[in-house]
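The values are calculated or read from the model by the stated rules, or taken from the named source; none is laboratory data. A quick note: this is a predicted structure, and the numbers were derived from the prediction, not measured. Cβ coordinates were reconstructed from backbone atoms using ideal geometry, including for glycine residues, and neighbour counts include every protein chain displayed.
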Amino acid sequence: MPVIDADTHVIESNDTWDFLEGNDKRFRPQAVTSEDGKKTPYWLIDGHIIDRESGDETIPLDIRTMRDLKGRKAMMAKTGFDMQVLYPTFFIAPPTNRPEIQVALARSYNRWCADIYKRGGGDFRWVLVPPVLSMADTLAEMDFGKANGACGVSLRGIEGDRVLSDPYFYPLYEKAVALDMPVCIHVGNGSIPVRDILYGDRACRKLDVFFTANMPVLAAFHLIIVTGLPEMFPKLRFAFVEAGAEWVPYMLGEALRRIETMPTEGKIADAKTALKDKRLYVTARTDNDLPRLLNWGCADNLMIGTDFGHADASTELETLANLEKRGQIDAAFHRKLVTDNPARLYGL
């Protein structure tokens, strides 16, 4: 079984949009830079400017943008991994609220990732971007993804003006069960109004990242439990990605208190088996208190991701080496973190 990096990233480039076809080509994002002397990179989409992340600049650009797959494999092997699961960067925040643009960009991104999967010989699995403003197109993209190396469906804790318990998403969940694909809730924010509130003053952007990116993951975890989604879709797997795992006992306690004091659809038989019972997976970091999390019944549901490609608070390329240095866990749990659990989640 391979050693799996459960959370890595691509940095989108002009290549990503080469898969736009026909009339969709008019929505092609344009790479631009600011004219203030700083040359800050942006994307121009539908007359709007959004951030164009460059990622970890200590990694060669062609590796970050998936042009140099041989070089990326070499870096992956050097850090001890056999396989990477790819998440988007461009779609961590919403690029548009127009369904036709979202469909076009998601379709091009997904075909770009399918091409990477094919060129990479299967070493780069990917989590597809669903154009959720059009559910019919989302379901079609899920079929395409399943046939072309996708191993999950990426959502954010807030999508537009909806939370993930909204019945609007039930067809997506039903399709995910039918295709044996997990729903992967990655840090980020899918609401343009929330983005504008928190990022309106760009000087405060770094200060507001936790609220806009991490909190939706924790809120979705709580909401999924108390609304009973795991019981409504008894074969559906959920992942909560890149927010660490220290919060799991706290959020389980909050969900249990809500269930005990207020009418909820969801129930918890035992907080220390809830993750396993409800098929909830979480990516941990090496600085998390892993022994404590083991006492909370997390052994079969934690994974490790390096956030390869990014340069932020979650990035830790030397994850495997750091796990060994810390010496918190035994070989059996180590295998679960890097092989058994991600393989079960992603169906690898």
**Prompt:** Across the stretch 228-272, which residue is nearest to VAL183 (Cα to Cα) among those that are among the β-branched types (Val, Ile, Thr), at pLDDT below 95 and not in a loop (DSSP other than H, G, I, E, B)?
**Reply:** ILE259
**Request:** For LYS175, work out the one condition from (1) modelled with pLDDT of 95 or more; (2) closer than 23 Å to SER314 by Cβ; (3) of a type in the set (Lys, Arg); (4) touching a Ser or Thr at 6+ places or on another chain (Cβ under 9 Å) it doesn't fulfil.
**Result:** (2)
**Message:** So, in the stretch 132-181, how many residues would count as being of a type in the set (Lys, Arg), in a loop (DSSP other than H, G, I, E, B) and surrounded by fewer than 16 Cβ atoms within 10 Å (Cβ to Cβ)?
**Reply:** 0
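Yes or no, residue by residue, for (1) buried (at least 18 other Cβ atoms within 10 Å of the Cβ); (2) of a type in the set (A, V, I, L, M, F, W, C):
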residue: TRP17; (1), (2): yes, yes
residue: PRO29; (1), (2): yes, no
residue: LYS39; (1), (2): no, no
residue: TRP43; (1), (2): yes, yes
residue: ARG67; (1), (2): no, no
residue: PRO88; (1), (2): yes, no
residue: ILE92; (1), (2): yes, yes
**Message:** If I ask for residues that are in a helix (DSSP H, G or I), loosely packed, with under 14 Cβ neighbours inside 10 Å and free of Cβ contacts under 8 Å to residues at least 12 places away in the same chain, which ones from the stretch 325-334 would you list?
**Reply:** LYS325, ALA331, ALA332
**Prompt:** Given ALA239, ALA220, ALA274, which one is among the hydrophobic types (A, V, I, L, M, F, W, C), surrounded by 20 or more Cβ atoms within 10 Å (Cβ to Cβ) and in contact with a Pro (Cβ under 8 Å, 6 or more places away or on another chain)?
**Reply:** ALA239
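For (1) part of a helix (DSSP H, G or I); (2) of a type in the set (Asp, Glu), each residue gets a yes or a no:
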| position | (1), (2) |
| --- | --- |
| ASP300 | no, yes |
| HIS310 | no, no |
| ASN322 | yes, no |
| LEU345 | yes, no |
| LEU348 | no, no |
